[in-house]
Amino acid sequence: MRAVVRALRTFAQLAWPYFRSEDRWIARLLLAGILAAELGLVAILVAVNEWNKRFFNALESRNWDAATGELLVFGFIALGAIVAGMSQFFFGQRLIIRWRRWFTERYVAMWMADGRHYRVRLTGGTVDNIHLRIASDVLIFLTRTHELFTQLIGSIVTICSFTIILWSLSAAIPLPLFGKDWSFPGWLIVLAALYAAIGTLFTHLIGKPLIPLNFNQQRYEADFRFAIARVTDQSEPVALMGGEAVERRELRERFTRLVGNWTRLVDRQSVLVGVIGGYSRMSTVFPTLVVTPAYLGSHITLGSLVQAALAFQQMEGALAYIISAYSKIAEWKAVMDRLAQFEAAMHHVDEHHDVKSRIGMTILPGDDRLKVENLVLRLPSGEAMATLNGVDLGAGDRLLVSGASGSGKSSLFRALAGMWPLGEGAIHFPDNAKIFTLPQRVYFPLGSLRQAIAYPTLVEHADDDAIRDALEAVGLGYLAGRLDEIADWPSVLAGGEQQRAAFARALLAKPDILLLDEPVSALEEADAAALYHLLAARLPSAIVVSIGRASALAHLHGSIVELKAGVAAEPEPLIPPSAVVRA
C-alpha cells in the first residue's frame, strides 16, 4: 500500500503543475471532455445491456415486430457509441499534445539553463540520457496516463452503474444448486468481486517484476540510441582512424544488454499474457454458467439470462481493471520514476553543496579587476589538481595559462566561467562584467550560418551588418553570402575556419572578460597573431585569459602562469609586455 501511495504522490507532483499552469483552463476543459465522453461510453454499455434483454426476449417469443424495432434502436445506440468514442479520442489526443508541449518546454528550460546540463555531471548523480527522457519518456508517460485514467474512470462508473443492475437481477435470479436456492441479496455482485479479486492477485504476483524490467528497458534503449547518435556525430575521426571495430563492439555490448533485459521482460510478459488470456476467456463463459441453472429451471427468460451474463461480465471486467491494465501500469510506473528522477536531479544540481565545492564566486562593487586568491582546483574524487594565487587583472590585461596535460588548465577555464565549483579559494569578478568563453572545441548549433556566427545570441537579436563586419575582420568575408544557408557547419568548415568563426563571435559579444581555451591551435602562427591583434584593436578594454602553449602564444600576452600539480602557481610578467599586442 505504501508503494501505491508513493506512486500516487509522485504522479501528483508531475501532473498537477500543468493543471495550474497558464494552459490550465484549456487543459481542464479537455479533461472535462474526456470525462464526459467516458461517461457517455458507460451509458452506452448500460443501454446495450438493457437492449439485449429486450431483443432476446423478443427472439424467444418470436415477435418479429419487436425484434425489428429493437434493431432500429440499436442503430441509434451504435451512433452514440461512435460519437462518444470519437470525442474521447479527440479530446484525449489534444490534451496529450498540449500537455507534452508544456512538459517539454518546462523540462528543456530546467535542463538548458544556468549550466545545469553540464553541472549535473558534477553532482555524482546517476541520471542517464536526460535528453531521451525529455524526448521519449514524456510521451510514454502522457500516453499511458491518458489510457489508464480513462480506463479507471470508466471502470469506476461501470461498477457504480452495473451494481444497481446486478443488485436488482440478484433479487430476481435464484442460485439453484443441489436442490437448494443459495442466492442472497447482491450475490451476483459478490461473486463478480471474488472472481476479479482472485484474478488480480495472481496477476500482481506474476507481473510485479515488470516495473523494474520496464525501467531498465527504457534505460538500455536510451543508451543504445545515444551510442549510435554519438558515432554518427563523430563519424569523421572514427573513419579516419579506422575505429569501426571498436565502435561496433561498443554498440554490440550495449545492444546485448538491451536484448538481455528485453528477453527477461518478454518472458515475464508472456506468462502474464497467458494468465490474462485464460482469465479473459473464462470471463466470457463463467457469467453465463452462473445464471444458466436459473434459466434451465424456467426461473428467468432468455433475455434476462443474456442481460445478467453481460452485466456480470461488465462488472467483473471493471473490478478486474488491474488485470487488463497491469502491463501498461508497469510501463507507466517505470517512465514516471525516470521523469521524477530527472526533476530531482535538476533540483539537486541547484541545491548541491559538496564538501569539495568551496570556491567562492564574488562580485566586487565598483571594481573593474579580475582577482584569483588562494584557488585550489580539485577533481570530483577530492584530489587537488592545481593551485593558483595572485592573479590580478585589469582592463586590457592578457594572461596566458600553460601547463602539462592534466595540470588543471581546462578546470581553471571552467572555474572562471562559473562551471567548476570543486575546490577552495576565491574568484572576484568586476562589477557588471560580461564574461564570454570560447571553448577548445568550437560548437555550432543547428540552423543557419547567421545563427552559428551570432551564437549564443538569438539570431533575431543579431545585427546582420555587425555579423558581416566580424566575418570580414577574421578573414571569413567569403562566407557573408551564405548567412541564410543551413548546413552541418562543423563538417563544412575546416578547423581553422571554425576557430576564426569563434573569434567573430567574440567580436560580436564585446565582453569585459574573454576566456579562450586553445583558441588558435589549428591556425598558423602569423594568423594566430593577427587574430590576437584584432582583439586588441576591437576589444581594447577586455580582460583576456588564454589557455595554450607558451611557445606559440607567450609573445601575445602580458603575463603567464604555468600550472603544475602540487605546486602553487603565480603569474609572471612577460617580455615583451602586453603593450605589444595592443599596438
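The values are calculated or read from the model by the stated rules, or taken from the named source; none is laboratory data. Values in this document were obtained by computation on a predicted structure and should not be read as measured data. Note: ideal-geometry Cβ built from the backbone for every residue, glycine included; neighbour counts use all protein chains shown. The protein model used for the area step is the full one, side chains on, heavy atoms only, and it has no ligands, DNA or RNA in it. Shrake-Rupley method; radii C 1.70, N 1.55, O 1.52, S 1.80 Å.
Answer yes or no as to whether Ile363 is in a strand (DSSP E or B), modelled with pLDDT under 90 and open to solvent by 40 Å² or more (accessible area, probe 1.4 Å).
For Ile363, the condition - in a strand (DSSP E or B), modelled with pLDDT under 90 and open to solvent by 40 Å² or more (accessible area, probe 1.4 Å) - is met.
Which number in (1) under 30 Å from Ser283 (Cα atoms); (2) surrounded by 17 or more Cβ atoms within 10 Å (Cβ to Cβ) marks the one condition that Gln218 misses?
Gln218 satisfies every listed condition except (1).
Yes or no: Arg101 in contact (Cβ under 8 Å) with a residue 24 or more places away in the chain and among the basic types (Lys, Arg)?
Here the answer is no, as Arg101 does not meet what is asked.
Considering every residue within segment 525-534, establish whether at least one is modelled with pLDDT of 90 or more and of a type in the set (Asp, Glu).
yes
For the condition open to solvent by 30 Å² or more (accessible area, probe 1.4 Å) and of a type in the set (Lys, Arg), what is the one hit in Arg369, Arg398?
Only one candidate passes the filter, namely Arg369.
If you take the residues in segment 162-191 that are assigned to a strand (DSSP E or B) and in contact with a Pro (Cβ under 8 Å, 6 or more places away or on another chain), which one is surrounded by the most Cβ atoms within 10 Å (Cβ to Cβ)?
Per the stated criteria, the residue is Pro176.
Would you please name the residue that is nearest to Gly80 (Cα to Cα), looking only at residues in segment 54-66 that are open to solvent by 70 Å² or more (accessible area, probe 1.4 Å) and assigned to a helix (DSSP H, G or I)?
Arg54
Can you confirm whether Gln440 is within 23 Å of Lys409 (Cα to Cα) and touching a Pro at 6+ places or on another chain (Cβ under 7 Å)?
no
Give the residue, chosen from Ala58, Ala66, Ala135, that is modelled with pLDDT under 90, of a type in the set (A, V, I, L, M, F, W, C) and in contact with a Gly (Cβ under 9 Å, 6 or more places away or on another chain).
Ala58
Among the residues of segment 145-161, is there at least one that is closer than 30 Å to Gln341 by Cβ, among the hydrophobic types (A, V, I, L, M, F, W, C) and open to solvent by less than 30 Å² (accessible area, probe 1.4 Å)?
yes
Would you mind finding the one in Ile82, Ile96 that is assigned to a helix (DSSP H, G or I) and surrounded by 16 or more Cβ atoms within 10 Å (Cβ to Cβ)?
Ile96
Is it true that Val285 is closer than 30 Å to Gly317 by Cβ and among the hydrophobic types (A, V, I, L, M, F, W, C)?
yes
On the basis of being of a type in the set (Ser, Thr, Tyr), open to solvent by 10 Å² or more (accessible area, probe 1.4 Å) and in contact (Cβ under 8 Å) with a residue 40 or more places away in the chain, does Ser546 make the cut?
Here the answer is no, as Ser546 does not meet what is asked.
Give the residues of segment 487-540 that are within 22 Å of Ala552 (Cβ to Cβ) and of a type in the set (Phe, Trp, Tyr), sorted by residue number.
If the condition is that a residue be within 22 Å of Ala552 (Cβ to Cβ) and of a type in the set (Phe, Trp, Tyr), then Phe503, Tyr532 are the ones that fit.
For His533, are the conditions met, namely being open to solvent by less than 30 Å² (accessible area, probe 1.4 Å), more than 42 Å from the chain's Cα centre (by Cα) and either among the hydroxyl-bearing types (Ser, Thr, Tyr) or farther than 20 Å from Ala452 by Cα (or both)?
For His533, the condition - open to solvent by less than 30 Å² (accessible area, probe 1.4 Å), more than 42 Å from the chain's Cα centre (by Cα) and either among the hydroxyl-bearing types (Ser, Thr, Tyr) or farther than 20 Å from Ala452 by Cα (or both) - is not met.
Just checking, how many residues over segment 223-241 are basic (Lys, Arg) and at pLDDT 85 or above?
1
Kindly check whether there is at least one residue in segment 133-153 that is farther than 22 Å from Ala12 by Cα and either small (Gly, Ala, Ser) or over 16 Å from the mean Cα position of the chain (by Cα) (or both).
no
Name the residue that is modelled with the highest pLDDT, counting only residues in segment 201-211 that are of a type outside the set (A, V, I, L, M, F, W, C) and open to solvent by 30 Å² or more (accessible area, probe 1.4 Å).
Pro209
Residues that are touching a residue at least 24 places away in the same chain (Cβ under 8 Å) and over 21 Å from Arg538 (Cβ atoms): list the strands (runs of 3 or more DSSP E) wholly contained in segment 373-490 that include at least 1 such residues.
Where strands (runs of 3 or more DSSP E) fall fully within segment 373-490 and carry at least 1 residues being touching a residue at least 24 places away in the same chain (Cβ under 8 Å) and over 21 Å from Arg538 (Cβ atoms), they are 384-388, 391-393, 398-403, 423-430.
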